[in-house]
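Engineer: This is the structure, below, for whatever I ask next.
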Amino acid sequence: MSVQLPKRELRRDSERGKIAGVCAGLGEYLNLEPWLVRVVFFTGLIFSSGFFFVLYMAGWLILDKKPANGIRHNVDVKTKVWQGGEPPRDAFRDIKCEFDELEEQLQSMEKYVTSNHYNLQREFNRL
C-alpha cells in the first residue's frame, strides 16, 4: 500500500501574502515560514539594485494564484523549536529528559539480556 503525496506546485498565496503572495507561496513550496522568505527577499531587494524587484514582479505576473480553501485551519503545526516559540533552555531540558528516559530503558534491557534468567529462558525455549 503506497501513500501518494499531493503534488507540490509553486503558486502565489494571496491569503497569507502581504502584497501579492509571492513570498508566501514560495515559502509554502520550500516548506519555510513566509516571514523568513520575506526577510531574504527584502535583504536581496536592498543589495541587488532592483533584481529582486524584477523577480517579484515576474512571480506576480507568471505564477498562478492558489485556489482559496473552503476550510481554513486555525491551528498550524509547528515542527521546529524556533517555530513553536519555546525558549531553547526549555527545549533542551525536554530533550534531555527524553534521552534520560531512553537511557534508563536501554540499561534495563541490557541488564535483562546479560542476566542468568535470560540465558536460562533461552535454553528452555530451545527445547
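Engineer: Just order 118-127, 7-16, 26-35, 46-55 by mean Cβ neighbour count inside 10 Å, highest at the front, would you?
Structural biologist: The most tightly packed comes first, giving 26-35, 7-16, 46-55, 118-127.
Engineer: Enumerate the calculated ³J(HN,Hα) couplings along the range 15-21 in order (Karplus 6.51 cos²θ - 1.76 cosθ + 1.60, θ = phi - 60°), each rounded to whole Hz, writing x wherever the residue is Gly or Pro.
Structural biologist: 5, 9, x, 8, 10, 10, x
Engineer: What distance in nm lies between label points placed 7 Å from Cα along the C-beta direction at F51 and A68?
Structural biologist: 3.8
Engineer: How large is ³J(HN,Hα), in whole Hz, for each residue of the range 101-116 in order, when computed from phi with the Karplus curve 6.51 cos²θ - 1.76 cosθ + 1.60 and θ = phi - 60°, using x for Gly and Pro?
Structural biologist: 5, 5, 4, 4, 5, 5, 5, 5, 5, 4, 5, 5, 5, 8, 7, 5
Engineer: Oh, and also: For S14, what residues show an amide H to amide H distance below 5 Å, using hydrogens built from the backbone and excluding near sequence neighbours?
Structural biologist: It is K66, by chain and number.
Engineer: Work out the FRET efficiency for S108 and R16 from their Cβ-Cβ distance, taking R0 = 41 Å, and round it to the nearest 0.05.
Structural biologist: So, using R0 = 41 Å, E works out to roughly 0.30.
Engineer: For the range 49-63, what does the Karplus curve 6.51 cos²θ - 1.76 cosθ + 1.60, with θ = phi - 60°, yield as ³J(HN,Hα) per residue in whole Hz, taken in order and with x for Gly and Pro?
Structural biologist: 6, x, 5, 5, 5, 5, 4, 5, 4, 5, x, 5, 7, 8, 6
Only the coordinates and a few stated rules stand behind these numbers; no lab work does. Source: prediction; values computed, not measured. Positions of Cβ are backbone-derived with ideal geometry, glycine not excepted, and every protein chain shown enters the neighbour counts.
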